[in-house]
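Participant: Can you keep this structure in mind? I'll have questions shortly.
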């Protein structure tokens, strides 16, 4: 089964900002530092995540699911401001022009 480096912990298995919770073990990869690509999983699983930090006062979180779905979440200091399901071309366009979200 193919695996990818966990983007939440950068492959370390530890998230230092959560050191006081279960010694900082990354919940995304369960401390393994890798995320498995399991296209036959019985439930949806995020297999890749990318965060685009923008200069516009918000970030875009790109979540790639084992189901083939791509979700883009607009995050501000107050929290989530919207979620869009997009195809790969739309995701590329949002990456290039985040203000179009």
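Participant: In nm, give the distance between the simple-model label positions of residue 89 and residue 4, each being 7 Å from the Cα along the Cα-to-Cβ direction.
Facilitator: For the pair residue 89/residue 4, the computed spacing is 2.2 nm.
Participant: Sticking with this one: Return the label of the correct value of Kirkwood radius over Cα pairs in Å, as calculated from the structure shown, out of (i) 13.9; (ii) 14.6; (iii) 13.4.
Facilitator: Looking at Kirkwood radius over Cα pairs in Å for this model, the match is (ii).
No value in this document is a laboratory result; all are computed from the given coordinates. Just so we're clear, the structure is a prediction, and the values are computed from it rather than from any experiment. Cβ atoms come from the backbone with ideal geometry, glycine included; neighbour counts cover every protein chain shown.
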